[in-house]
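Structure, as structure tokens:
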Amino acid sequence: MKYSMFFALILCTILAGVADVWAQQGPILSPRDSVMLKLDTNIVSVNYGRPSMRGRTIMGGLVPWNTVWRTGANQATHLRTNFDMMLGGVPLPRGRYTLWTIPSPERWTIIINKQTGQWGTRYDEKQDLARFTIKPETLPSLVDTFTISLQATGATSGFLALRWEKTGVNVRFEKNDNIRPLSPPDSAEALIGGKKVSVKYSRPFIRGRAIWGTVVAVDSIWRTGANLATSLVTEADLMIGAATVPSGSYTLYSLLKDQTLLLIISRSPGGTQPHYDPSEDLARIELNRESAASPIDPFRIWFEPTTGTSVSLHLGWADRIYSISVTRK
């Protein structure tokens, strides 16, 4: 009996201590929350942290203007959809993403990023899937705790709403089973002295992103397109710039430098998953750069005839065109 009373006393002491710790910690300042919208069998959801004003100035203060914001608190805000949709006018394939914003008084930039599971201070611009802008609205009453909601506007459409302080942002979405591919396949061909030269590649879109220095990072190998490795097949021996390229099948990679783009011709055959191996390099060729007269979107590779035995090879995206001469030996 004495032992039972002794252990009961210890248990009560432990529980009292735990309760005291909980009391000292107080409520969670930015609790985690989730919202979900069902449209028939289609589901879209958002998981985010909910900070409160607590007497602070929010827009332009706690949330600075023109700076990437986690759009919530603590862990990054996550968006999940089990259906392909158009979100804010850009294609969003089914999947899980993180949602970021760049608030400003006149326009908000909405960012959909492919990296997931990270803390809200670990934003990687190179992982952006898309960016687009939305005009904010002034709310009639104060919203003390940051709130994200999902509301249906039809059988397969709705909007994602952000609300805090007296600012509101509405992002429309709709199901779309026929959205354009994010990076559709394409090819370019030329006849040089009666022999065919062809390039097969995929064409990524800008989708509001910064391209040169971000999507195509400086001093980082780029597949020169998207999806599968970009391939070059030639029936003739060529001179590409000052480099000799025998007839055969190759992979094209690129390396962006501060002032130019290096075209890397790899002996590995194209059309497979990109796996760059510098020991396979046949040549590295510095391309000529010029400004595009108008934005090029999506990325494009093309040939232009110059003589019967030579053409110009062009790579264009956003505001730049890179070119090199290609001649039959």
Exercise. Could you check residue 268 against (1) under 17 Å from residue 211 (Cβ atoms); (2) touching a helix residue (DSSP H, G or I) at 6+ places or on another chain (Cβ under 6 Å); (3) of a type in the set (S, T, N, Q) and say which number it fails?
Key: (1)
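Condition check: touching a residue at least 60 places away in the same chain (Cβ under 8 Å), among the hydroxyl-bearing types (Ser, Thr, Tyr), outside the structural domain of residue 207 (by TED's automatic domain parsing) and closer than 18 Å to residue 136 by Cβ. Does residue 67 satisfy that? Please lay out each step first, then the result.
On the way: touching a residue at least 60 places away in the same chain (Cβ under 8 Å): no; among the hydroxyl-bearing types (Ser, Thr, Tyr): yes; outside the structural domain of residue 207 (by TED's automatic domain parsing): yes; closer than 18 Å to residue 136 by Cβ: yes.
It is false that residue 67 is touching a residue at least 60 places away in the same chain (Cβ under 8 Å), among the hydroxyl-bearing types (Ser, Thr, Tyr), outside the structural domain of residue 207 (by TED's automatic domain parsing) and closer than 18 Å to residue 136 by Cβ.
Can we say residue 177 is in a strand (DSSP E or B) and not aliphatic (A, V, I, L, M)?
Values: in a strand (DSSP E or B): no; not aliphatic (A, V, I, L, M): yes.
Spelling it out, it is not the case that residue 177 is in a strand (DSSP E or B) and not aliphatic (A, V, I, L, M).
So which of 99, 162 ends up being in a strand (DSSP E or B), under 18 Å from the mean Cα position of the chain (by Cα) and not polar (S, T, N, Q)?
99
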Self-check item: Members of the range 31-51 that are buried (at least 17 other Cβ atoms within 10 Å of the Cβ), closer than 17 Å to residue 70 by Cα and not basic (Lys, Arg)
Solution: 46, 47, 48, 49, 51
Exercise. List every residue pair whose Cβ atoms sit under 9 Å apart, with the two residues 6 or more apart in sequence or on different chains, where the first one lies in the range 108-126 and is free of Cβ contacts under 8 Å to residues at least 60 places away in the same chain and on the phi > 0 side of the Ramachandran plot and the second, anywhere, is among the aliphatic types (A, V, I, L, M) and in a loop (DSSP other than H, G, I, E, B).
Key: 117/76
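Only one of 232, 313, 252, 228 is at pLDDT below 95 and of a type in the set (A, V, I, L, M, F, W, C). Can you tell me which? Please lay out each step first, then the result.
On the way: 232 fails: at pLDDT below 95; 313 fails: at pLDDT below 95; 252 fails: at pLDDT below 95.
Every option except 228 fails the conditions.
Being at pLDDT 95 or above, of a type in the set (Val, Ile, Thr) and farther than 30 Å from residue 102 by Cα is the requirement here; does residue 264 meet it? Walk me through how you get there before you give the answer.
On the way: at pLDDT 95 or above: yes; of a type in the set (Val, Ile, Thr): yes; farther than 30 Å from residue 102 by Cα: yes.
Judged against the criteria, residue 264 is a match.
The values are calculated or read from the model by the stated rules, or taken from the named source; none is laboratory data. A quick note: this is a predicted structure, and the numbers were derived from the prediction, not measured. Glycine also receives a Cβ, built like all others from the backbone with ideal geometry; neighbour counts cover every protein chain displayed.
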